[in-house]
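See below for the structure under consideration.
Please treat every number below as a calculation from the coordinates, not as lab data. Model, not experiment: these values are computed from the prediction. Neighbour counts run over all protein chains shown; Cβ positions are idealised from the backbone, glycine included.
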Amino acid sequence: MTELYVNNFRGFRDTFIPIDKVNFLIGENSTGKTSILKLIRVLSDKRFWSNFDLNACGFHFGYFTELCDEDFFEIGFYSNDNFDFKIKYQNSTNISIDNIKSDLLNKKKYIKDLTWLTPTKIIGSEYVYDNYNLNFSINGEERDAFQLALNKFGQDSGLFDKIEVKILGDEQTSPLEIRIFFGENNIKISNVGYGVSQILPLIIEVLAKEKDMWYAIQQPEIHLHPRGQAAFGELIYDTQKADNKTFIIETHSDYIVDRFRLCVNKNKEETQDQFQVLFFERTNDGNQVTPIKIQSNGKYAADQPQSFQEFFIKEQLELIKI
């Protein structure tokens, strides 16, 4: 198992965070979920490995004094009872590196292939996804399978029945028009709500990219009705199973996580500890992360922190009484 290590970084102290095949980062606001997700993204970028600058990848983590309340902080990855690397920052220019493997410096990245999908800017009051950089060409059986998976998500989510692309010309650079079908009726994608237009690029990234990819996804539930959120949870389950993809998802959506757990239960497969919730919380000693395994029956493992039980489990039990 691979573990992300952070020490004196954004409220985390001497913390090892395990990374499984599917990881749901949940917890209250300001508990460090986004900082950890961004850090994973940075460690996958070759620009970081050129000078070890955390702000080199388009993120602004902040000044040194904003990152830690000590005179240093550390980040690293740990696997097979050893650190693959550990980097210690004592200020913006004093950086020391321990245990780094030579092939990491040669490859200029730690995670081989990671796709970063997050709402990154605001138009009016709307969060939108704009981090897509996907060029792909599929045909034959792959195209049919892609179309079936896309339409299945649309139907399961209630967002659309099918999607068709109309090429407006004969040239390779001719513009195209995307039409959304609801039964026999169809309209241009520019005339539908944010739910369809914002989730569609994310779904295409998940379905179209090659096998064995890693994804870091922030709040995919934005603009989605609960039915659509649940359908996304099922899509994650189907994709990780079919294409051996790894997902690290920051979410506040119970619908996404619960549907994923239902899929695990329905398939009754041996999970081999591949799925988990990473529960973030604030404590008197700083931010804390507790891994909670999703077992082969879809249930959470019994070793849950009391704060997780007090809210999530208690809330569900109270709802059952209604």
| query | Only one of (1) basic (Lys, Arg); (2) crowded, with 20+ Cβ neighbours inside 10 Å; (3) farther than 25 Å from residue 253 by Cα is not met by residue 10, so which one is it? | reply | (3)
| task | Tell me, please, whether a residue that is over 19 Å from residue 154 (Cβ atoms), of a type in the set (D, E, K, R), touching a residue at least 24 places away in the same chain (Cβ under 8 Å) and not in a helix (DSSP H, G or I) can be found in the stretch 220-235. | result | no
| Residues in the stretch 208-234 that are among the hydrophobic types (A, V, I, L, M, F, W, C), surrounded by fewer than 21 Cβ atoms within 10 Å (Cβ to Cβ) and within 18 Å of residue 21 (Cα to Cα): how many? | 2
| note | Of the residues in the stretch 145-199, those that are more than 29 Å from the chain's Cα centre (by Cα) and among the aliphatic types (A, V, I, L, M) number 4
| said: Looking for something under 30 Å from residue 213 (Cα atoms) and touching a residue at least 40 places away in the same chain (Cβ under 8 Å) - is there at least one such residue anywhere in the stretch 261-268? | reply: no
| From the set of residues in the stretch 68-85 that are farther than 19 Å from residue 44 by Cβ and of a type outside the set (Phe, Trp, Tyr), which is surrounded by the fewest Cβ atoms within 10 Å (Cβ to Cβ)? | 81
| request: Read through the list (1) in contact (Cβ under 8 Å) with a residue 40 or more places away in the chain; (2) over 18 Å from the mean Cα position of the chain (by Cα), then give the number of the only condition that residue 90 fails. | output: (1)
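The rows are residues; the columns are (1) farther than 25 Å from residue 212 by Cβ; (2) among the β-branched types (Val, Ile, Thr); (3) within 18 Å of the chain's Cα centre (by Cα).
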position: 31; (1), (2), (3): yes, yes, yes
position: 44; (1), (2), (3): no, no, yes
position: 52; (1), (2), (3): yes, no, no
position: 63; (1), (2), (3): yes, no, no
position: 73; (1), (2), (3): yes, no, no
position: 78; (1), (2), (3): no, no, no
| Verdict on residue 285 being surrounded by fewer than 14 Cβ atoms within 10 Å (Cβ to Cβ) and touching a residue at least 40 places away in the same chain (Cβ under 8 Å) | yes
| Residue identified as out of contact with any helix residue (DSSP H, G or I) (no Cβ under 8 Å at 6 or more places or on another chain), surrounded by fewer than 17 Cβ atoms within 10 Å (Cβ to Cβ), without any contact (Cβ under 8 Å) to a residue 40 or more places away in the chain and assigned to a loop (DSSP other than H, G, I, E, B) among 302, 242 | 302
